[in-house]
Amino acid sequence: QVQLVESGGGLVQPGGSLRLSCAASGSIFSIEAMRWYRQAPGEERELVADITSAGSTNYADSVKGRFSISRDSAKNTVFLQMNSLKPEDTANYYCNAIVKTGRWSPLYNFWGQGTRVTVSS
């Protein structure tokens, strides 16, 4: 009923930048929060950044000062601007959204398909 479509991943050199986007569509009444996770090979999934419906943001220490999360509420879209990229940022990045499908619905958790980010010279 709800889909998250991600784009923007790819190959970039160290020090470069990428902007990831994630657009939510379907039976959406409101989005309470959107988050970006990442998972490198052999590593556990980690929370990279999140943004609430009120616009407050949080970042993992490893990306603080380099990454920025933002949203376009009218389009149910979240972005992750990644600057000063490092090889250790290489991972699959996943979008996650906490969604209400109706005014009195419960909260539902949806995931995007993931997009690959590779930082290498």
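The values are calculated or read from the model by the stated rules, or taken from the named source; none is laboratory data. Note that the structure is a prediction, hence the values are computed from the model and not measured. Using ideal geometry, Cβ is built from the backbone for each residue, glycine included, and neighbour counts are taken over all protein chains shown. The accessibility values were calculated without ligands, DNA or RNA, using every heavy atom of the protein model including side chains. Shrake-Rupley method; radii C 1.70, N 1.55, O 1.52, S 1.80 Å.
For SER84, the amide hydrogen comes within under 5 Å of no other amide hydrogen, counting only partners 5 or more places away or on other chains and with H modelled in the peptide plane.
Scalar couplings 3J(HN,Hα) for region 66-75, obtained by applying the Karplus form with A = 6.51, B = -1.76, C = 1.60 to θ = phi - 60°, are 10, 9, 9, 9, 8, 8, 10, 4, 4, 9 Hz; x denotes Gly and Pro.
The smallest convex shape that holds all Cα atoms of the chain, its convex hull, gives 95 Å³ per residue. Each Lys or Arg adds one and each Asp or Glu subtracts one; over the other residues with Cβ under 13 Å from the Cβ of LEU20, this totals +3. Measuring nothing but protein heavy atoms, the accessible surface of the chain at 1.4 Å probe radius is 46 percent carbon and sulfur.
Across region 1-113, C-alpha contacts under 8 Å between residues 6 or more apart give a mean separation that, scaled by the residue count, equals a relative contact order of 35 percent.
At an R0 of 22 angstrom, the distance between the Cβ atoms of ARG116 and SER17 translates into a FRET efficiency of 0.85. Across the protein chains, with a 1.4 Å probe defining accessible surface, the residues ARG35, ARG66, ARG116 rank ARG116, ARG35, ARG66 from largest area downward. Counting only heavy atoms of the protein chains, get the accessible area per residue of the chain (1.4 Å probe) and round it to a whole Å² value. For the chain, the per-residue accessible area is 54 Å². In the assembled protein chains, SER7 presents an accessible area of approximately 60 Å² (probe radius 1.4 Å). Distance between the pseudo-spin-label points of ALA60 and LYS86 (7 Å out from Cα toward the beta carbon): 1.1 nm. Residues within the reach of a label modelled at ALA40 (point 7 angstrom out along Cα to beta-carbon, backbone nitrogen below 15 Å), restricted to region 94-121, are 117-121. Over all projection directions, the Cα-based convex hull of region 17-81 averages an area of 5.2 nm².
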